[in-house]
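Working notes, structure below.
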Amino acid sequence: MIQALGVSARIPVSRQLRRHARSVGLAAVLLVVWELLAVTVFSGRFVVPTPTSVAGTAWANHFFYTDLVVTLNISWKGWLIGNGAALLLAAVSLIVPATESALITLGVATYCVPTIAVGPLLVVVYGPTGAKIAMSALSVLFVTLVAAVTGLRAAPRATLEMVTVMGGGRWKQLVKVRARASLPMLASGMSISAPAAILGTMIGDYLGGAKGLGVIMLQAQQQLAVSRTWSIAAVSTVVCGLAFAATMAIARRVSAGVEPALDSAIHPTPLRRGLAGVAIGAARVVAVVLFGLVMWEILVRSSGLSSYFVKSPLDVWQYCVSGPGSATHRSELIHGLIRTASDAGLGWLAGTVAAVLAAGILIVAPTLAAAVMPFVIVMRSVPLIAMTPLIGLVFGRGLLGVTLIAAMVTFVPSLVTIVEGLRSAPAAATDLIECLGGRRLTTLVKVRMPFAMPALFAAAKISMPGAILGSVLAEWLITGHGIGHAMAYDVISSNFSNLWASIAVILVMSLVLYFFVGSIETGIRRRVHAA
């Protein structure tokens, strides 16, 4: 069964039934609350229909079966391509450590570039169906890449050193040790990526097409058909949840029996001191920047598109730094970026704090986890591009609405990743605390939290760019401010220079945050190792 839902195959069937009954009971309570809110607080506002009307609309439309099949047919291809690329990049970064920063930069870039902004260009290059597959794959790649790299690093040091002593190199370590050790964390990443692939396809549907869940959802929104919009969102949410559950079940079965080693959370990074260390660090930063610029130039040249639509690094540099009006352009970009960073920062902080607290509670109270986790997965599966306008109508178009959207993007992947990290503590360590009379809270603080540190940092690396994208999407669709709103206006007015400059500054901000979190993680690992 699915460990992420708090269910173990070893517990009695009666206990499983009781846990399922609690989940069903909680679902019934939530539906009743939804019904009451729809007929009281939101009555007459035409933004929150009753669950009965949503279910009736879905039933009358046969759960949008034809469009659902089209979306799933594209999504599984994007999921395979995105995950395959992520696993390949993770393996190369472990075998050739010098390439890690550059490959991670590529992964962050694929995740941080707003697909809703570059989607029209993908349609021109790859066609409508190819663009949707590409957007689905881009939605998957970074999440799995971070999970794979974190999991591969979780291999026990003693076993890795044994492989080295016996004459094996990094490839042998990867195949014989790291691949197996990565399975628990990889299971979490690939499970999160399953609904992400579907949602990426739906975003692609907004660019056009005859069939697909996103296509009919856009039509419903344009017709102000609120019940139909919610019913399509409900169907996609259920399908995304089932995709998550099925992927997690398969991954759990494959990774069954993988027991984390006692030293899996304490892998120091080699430290070079003095001028040599500073020089090496600076050289890596320069290499990463050059790699990113070269890849950008290659993509622009290989696209075959007119320079009117796609801008090279030199074009953006002239627009922001050395060209006519660059001071004004730069000021506007900085102003919008500050607003977006503020929106994303508040949402990320709120979502992360909530995820850490919720993860601790769910580990201490596994019975509660069995009932709650399915609804957490449902939150991750909601198509945000469809619900953002509705969230704006319900919670306003100001700070609260944007913070809520960024927090939603942050909370669920962080919670799933952190819970998996807390559960990855070696049984020998948790059993020792229990034998000494320690309770679940003591085990959580003394054992599970230290072993969950890699997962916590992985969650931060995934959720920070996600919060930025959530804020950009909210600004694009509802707020009328920030860099997301500027990008929406750029698309309408064909101001592609400002659009590409905006994408560039979003990417730079995301990379800075990613490597900032990585530097904190490295420092903590060194301190732990020194102690």
Residues of the stretch 476-526 satisfying the condition of being at pLDDT below 85 and touching a His at 6+ places or on another chain (Cβ under 8 Å): Trp476, Thr479, Arg525
Helices (runs of 4 or more DSSP H) fully within the stretch 139-221 counting 3 or more residues that are of a type in the set (Gly, Ala, Ser): 183-205
Flag for Arg380 being surrounded by 15 or more Cβ atoms within 10 Å (Cβ to Cβ), charged (D, E, K, R) and at pLDDT below 85: yes
Residue within the stretch 351-358 that is assigned to a helix (DSSP H, G or I), under 30 Å from Arg228 (Cβ atoms), at pLDDT 80 or above and small (Gly, Ala, Ser) present: yes
Options Leu174, Leu183, Leu152: the member that is within 22 Å of Trp76 (Cβ to Cβ) and within 29 Å of the chain's Cα centre (by Cα): Leu183
Test result for Gly168, touching a residue at least 40 places away in the same chain (Cβ under 8 Å) and either touching a strand residue (DSSP E or B) at 6+ places or on another chain (Cβ under 9 Å) or small (Gly, Ala, Ser) (or both): no
Helices (runs of 4 or more DSSP H) contained in the stretch 422-531 and holding at least 2 residues free of Cβ contacts under 8 Å to residues at least 60 places away in the same chain and farther than 30 Å from Asp315 by Cβ: 427-435, 440-443, 496-530
Flag if Thr57 is modelled with pLDDT under 85, assigned by TED's automatic domain parsing to the domain that holds Ala179 and among the β-branched types (Val, Ile, Thr): no
Options Val125, Val70, Val92; residue that is at pLDDT 85 or above, assigned to a helix (DSSP H, G or I), over 17 Å from the mean Cα position of the chain (by Cα) and within 16 Å of Met295 (Cβ to Cβ): Val92
Pair list, Cβ under 6 Å, 6 or more apart: the stretch 209-232 residue under 19 Å from Thr129 (Cα atoms), other residue among the charged types (D, E, K, R): Lys211/Asp67; Gly212/Asp67; Gly212/Asp205; Leu213/Asp67; Gly214/Asp205; Val215/Asp205; Ile216/Asp67
Close pairs from the stretch 294-307: first not assigned by TED's automatic domain parsing to the domain that holds Gly127 and in a helix (DSSP H, G or I), partner hydroxyl-bearing (Ser, Thr, Tyr) and at pLDDT 75 or above, Cβ under 8 Å, at least 6 apart: Trp296/Ser312; Glu297/Ser312; Val300/Ser312
Residue identified as in a loop (DSSP other than H, G, I, E, B) and over 30 Å from Phe516 (Cα atoms) among Val47, Val54, Val33: Val47
Residue in the stretch 5-17 that is farther than 20 Å from Ser193 by Cα, at pLDDT 80 or above and over 22 Å from the mean Cα position of the chain (by Cα) present: no
Per-region count, the stretch 455-480, residues crowded, with 24+ Cβ neighbours inside 10 Å and over 30 Å from Gly396 (Cα atoms): 2
Residue pairs meeting the criteria (Cβ under 6 Å; at least 6 apart or on separate chains; first in contact (Cβ under 8 Å) with a residue 40 or more places away in the chain, in the stretch 91-115; second basic (Lys, Arg)): Ile95/Arg170; Ser101/Arg284
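The values are calculated or read from the model by the stated rules, or taken from the named source; none is laboratory data. It should be emphasised that the depicted structure is a prediction, and the values quoted were computed from it without experimental measurement. When we count neighbours, we look across all protein chains shown, and the Cβ atoms used for this are built from the backbone with ideal geometry, even at glycine.
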